[in-house]
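Here is the structure we will look at, set down as structure tokens.
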Amino acid sequence: MDIIGIVGGIASIIGAAIAIWQAIEAKNAASEAKKTEKNITHHRLTSDVSKLKEKAESLLSQIKIYAPGGNQAKYQYADHDNNSELIQEFTLKVSEFISCFSGKQKTEIQALCSDIDNELNTFNTPGITDPNRKSSGQKIVGKVNMLNSKFKQVLDKRVEKGT
């Protein structure tokens with residue numbers, strides 16, 4: 001009987017050691033899964049902000065005719081309704097991805113989008129004169145430039161953080 005007790009005790013000790021080893025392995029696997037999830041989220045958010053920056057740059061190339069020193073000849077033949085739609089699509093896209101931002105940056109980006117939307121109402125006023133539309137367009141270009149700058153700041157911080 002003593003041998004059976006000793007063998008049973010050794011088996012219990014070995015079983016406990018295996019259980020501890022498996023618990024450590026499970027903990028390491030869970031930690032690795034959290035790290036991977038964090039990396040995926042980081043890359044997704046970085047990609048989304050990068051897309052917003054690309055959209056801002058594309059929009060700016062379309063509406064640069066409203067900027068100070070913009071080409072007056074191109075302004076006269078510009079499709080202001082189409083430009084208005086592009087601006088509205090941009091602010092909607094930024095609103096769609098607002099969860100990519102937090103804190104002060106989120107508040108500032110929301111405020112800039114609101115300012116653009118408000119200025120777009122002026123831009124689209126029926127019967128607006130060319131000087132007033134150009135002035136309104138200049139304000140919109142300025143706000144889009146500010147948003148583009150915010151997107152760059154966010155991307156720069158994400159790159160500094162890395163994965």
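The values are calculated or read from the model by the stated rules, or taken from the named source; none is laboratory data. These numbers come from a predicted model, not from an experiment. Cβ: placed from backbone, ideal geometry, glycine included. Neighbour counts: every protein chain shown.
To keep it simple, each residue is scored yes or no on (1) at pLDDT 95 or above; (2) among the acidic types (Asp, Glu).
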site	(1), (2)
His43	no, no
Asp48	no, yes
Lys55	yes, no
Ser61	no, no
Gly70	no, no
Ile87	yes, no
Ser102	no, no
Ala111	yes, no
Leu147	yes, no
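Note down all Cβ pairs under 9 Å where the first residue falls in segment 37-66 and is closer than 17 Å to Glu96 by Cα and free of Cβ contacts under 8 Å to residues at least 60 places away in the same chain, the second is of a type in the set (D, E, K, R) and surrounded by 14 or more Cβ atoms within 10 Å (Cβ to Cβ), and they're at least six residues apart or on different chains.
Lys51/Lys93; Lys55/Lys93
Filter segment 72-85 for residues that are hydroxyl-bearing (Ser, Thr, Tyr) and at pLDDT 90 or above and give the result. Steps first, answer last, please.
Of all residues in segment 72-85, those hydroxyl-bearing (Ser, Thr, Tyr) come to 75, 77, 84.
Scanning segment 72-85 gives a single hit, Ser84.
Of the conditions (1) of a type in the set (D, E, K, R); (2) out of contact with any Leu (no Cβ under 9 Å at 6 or more places or on another chain); (3) at pLDDT 95 or above, Lys93 satisfies every one except a single condition; which number is it?
Checking Lys93 against (1) of a type in the set (D, E, K, R); (2) out of contact with any Leu (no Cβ under 9 Å at 6 or more places or on another chain); (3) at pLDDT 95 or above, the one that fails is (2).
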